[in-house]
Amino acid sequence: MPLSAERQSGAGPEIHYKLRWFERLEEHAGGLLASGAPIVLAGDYNVMRTELDVYAPERWVDDALFRPEVREAFRRLTGQGWTDALRALHPNERPRLDRRRGNEERAAPGTKRGR
């Protein structure tokens, strides 16, 4: 998946790479849907689709994972008919905890570290 947590800059060639990647994925995914075969697209798309997808969204405003262009690319993908399973099952909940690289302080209220 392009633009992992190590490369979060909202500017520069990385964001353009991520957007081109989404364009290719959208094209490929559309072909899969058109085939009529039972298909699941699974994975971490490295997108904070809404403010609910991250605790303290104000910390991520300039991050490529939260940029409007990237969020729109994900919306176009799901607009083809794909389901964001996390949002379908938990439409109004924030993620519980991000344990990578000492991000425990970003845990949502009510979690072990966010109490």
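Observations on the structure shown:
- Fewest-first ranking of 45, 17, using other Cβ atoms within 10 Å as the exposure measure: 17, 45
- Cα-only Debye scattering, the range 13-83: base-10 log of I(q)/I(0) at q = 0.13, 0.15, 0.23 Å⁻¹: -0.40, -0.52, -1.04
- Given R0 = 30 Å, the distance between the Cβ atoms of residue 21 and residue 88 translates into a calculated FRET efficiency of 0.80.
- Residue-wise HN-Hα couplings along the range 39-48, as the Karplus relation 6.51 cos²θ - 1.76 cosθ + 1.60 with θ = phi - 60° gives them from phi, are 10, 10, 9, 10, x, 9, 8, 6, 9, 9 Hz; Gly and Pro carry x.
- Exposure proxy ranking, count of Cβ atoms within 10 Å, fewest first, for 58, 69: 58, 69
- Backbone HN-Hα couplings from phi across the range 83-95 [Karplus 6.51/-1.76/1.60, Hz, Gly and Pro as x]: 10, 7, 4, 4, 5, 5, 7, 9, x, 10, 10, 7, x
Here, each number is a calculation from the coordinates, and none is a lab measurement. All figures in this text were calculated on a predicted structure; none of them were measured in a lab. Cβ atoms come from the backbone with ideal geometry, glycine included; neighbour counts cover every protein chain shown.
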